[in-house]
């Protein structure tokens, strides 16, 4: 397929590369042109404008937040203005349910198709083409997107014909991951203060009942206080919990744990943790308990050591 790709950050660059590797014709656009130029040698074409990335059959967006996606899609010269009738916009960004619903209507009004296709996986998984895709949209639109999803992911889960459902599922998944990170941090703080080595404790967990990827990925980071460089930055985690709570409020669903996580992220950010991985909230319990920052923490001490004071 002839596909555009907008947003070449930690996740988007790997996704665009895998589309190229699968034989698709890919035109890339990024606000920082240097990131787009890195894909030139692999066969990508560079778009000088958003409109230039919308000349093909479909366009992907992988952007940081609602504001960025709204600008790229709805501003003059954006995707809605530029995509041909019947063209397909696939949004892999983690965005609000409300924006997903709005974009669905905007594209339908323009005679275009919109599929929400947020993904599960960190940048290394994106680079390996092993993401899990959560897809939702009209059946014909999702079917058109499946070859592209096959190129970037290990498996695609189609959850609804309403795109906003995929965004709700993605937010709920991030909520569950953040809940594990927080609870794992609390458990490690408890046993460490009782004299148990955190790494040995983690090995016990993973070898018995807790061998899921969320434990094997984030457990070692918490045990070693290794939160830099970030695979998923803390401000993005805070954003996702905020969007989750907004969706829950609209649906009248109380989420007490999500409210706690919102405060944990705000605490981390208030103490200089904006450049850290979101799993750094797992270090807060140890600091609340008077623990010390690991000397090999890759800069954590300078960012959040004030929490131990």
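The values are calculated or read from the model by the stated rules, or taken from the named source; none is laboratory data. Please read these numbers as outputs of a predicted model, since none were measured by experiment. Positions of Cβ are backbone-derived with ideal geometry, glycine not excepted, and every protein chain shown enters the neighbour counts.
If only residues of the range 216-242 that are closer than 22 Å to residue 259 by Cα and without any contact (Cβ under 8 Å) to a residue 60 or more places away in the chain are counted, the one that is surrounded by the fewest Cβ atoms within 10 Å (Cβ to Cβ) is 242.
Does the range 86-95 include one or more residues that are closer than 21 Å to residue 55 by Cα and surrounded by fewer than 24 Cβ atoms within 10 Å (Cβ to Cβ)? Within the range 86-95, one or more residues are closer than 21 Å to residue 55 by Cα and surrounded by fewer than 24 Cβ atoms within 10 Å (Cβ to Cβ). Residues in the range 147-158 that are surrounded by fewer than 16 Cβ atoms within 10 Å (Cβ to Cβ) and either outside the structural domain of residue 121 (by TED's automatic domain parsing) or closer than 19 Å to residue 2 by Cβ (or both): 147, 150. Please verify whether residue 173 is closer than 29 Å to residue 263 by Cα and out of contact with any helix residue (DSSP H, G or I) (no Cβ under 7 Å at 6 or more places or on another chain), treating the condition exactly as stated. Considered against the rule, which asks whether it is closer than 29 Å to residue 263 by Cα and out of contact with any helix residue (DSSP H, G or I) (no Cβ under 7 Å at 6 or more places or on another chain), residue 173 comes out as yes.
Inside the range 136-165, residues that are within 14 Å of residue 100 (Cβ to Cβ) and outside any loop (DSSP other than H, G, I, E, B) make up a count of 7.
Among the candidates 83, 99, which residue alone is in contact with a strand residue (DSSP E or B) (Cβ under 8 Å, 6 or more places away or on another chain) and modelled with pLDDT of 95 or more? Going through 83, 99 in turn, just one is in contact with a strand residue (DSSP E or B) (Cβ under 8 Å, 6 or more places away or on another chain) and modelled with pLDDT of 95 or more: 83.
Given the structure, is residue 27 in contact with a strand residue (DSSP E or B) (Cβ under 7 Å, 6 or more places away or on another chain) and either within 21 Å of residue 167 (Cβ to Cβ) or assigned by TED's automatic domain parsing to the domain that holds residue 235 (or both)? The answer is no for residue 27.
A residue that is in contact with a helix residue (DSSP H, G or I) (Cβ under 9 Å, 6 or more places away or on another chain), outside the structural domain of residue 117 (by TED's automatic domain parsing) and not in a helix (DSSP H, G or I) occurs somewhere in the range 233-241. Going residue by residue through the range 125-143, is there one that turns out to be crowded, with 24+ Cβ neighbours inside 10 Å, at pLDDT 95 or above and over 24 Å from the mean Cα position of the chain (by Cα)? No, the range 125-143 contains no residue that is crowded, with 24+ Cβ neighbours inside 10 Å, at pLDDT 95 or above and over 24 Å from the mean Cα position of the chain (by Cα). For residue 93, indicate whether it is in a loop (DSSP other than H, G, I, E, B) and within 23 Å of residue 237 (Cβ to Cβ). Judged against the criteria, residue 93 is a match. The residue list 196, 293, 253, 304 contains one member that is on the phi < 0 side of the Ramachandran plot, crowded, with 18+ Cβ neighbours inside 10 Å and either modelled with pLDDT of 95 or more or outside any helix (DSSP H, G or I) (or both), which is 293. Of the residues contained in the range 200-208, one or more are found to be outside any helix (DSSP H, G or I) and at negative phi.
Here the helices (runs of 4 or more DSSP H) wholly within the range 1-90 that include at least 2 residues being within 22 Å of the chain's Cα centre (by Cα) are 12-21, 33-37, 66-74.
The set of residues from the range 96-135 being assigned to a loop (DSSP other than H, G, I, E, B), more than 18 Å from residue 232 (Cα to Cα) and touching a helix residue (DSSP H, G or I) at 6+ places or on another chain (Cβ under 6 Å) comprises just one member, 110.
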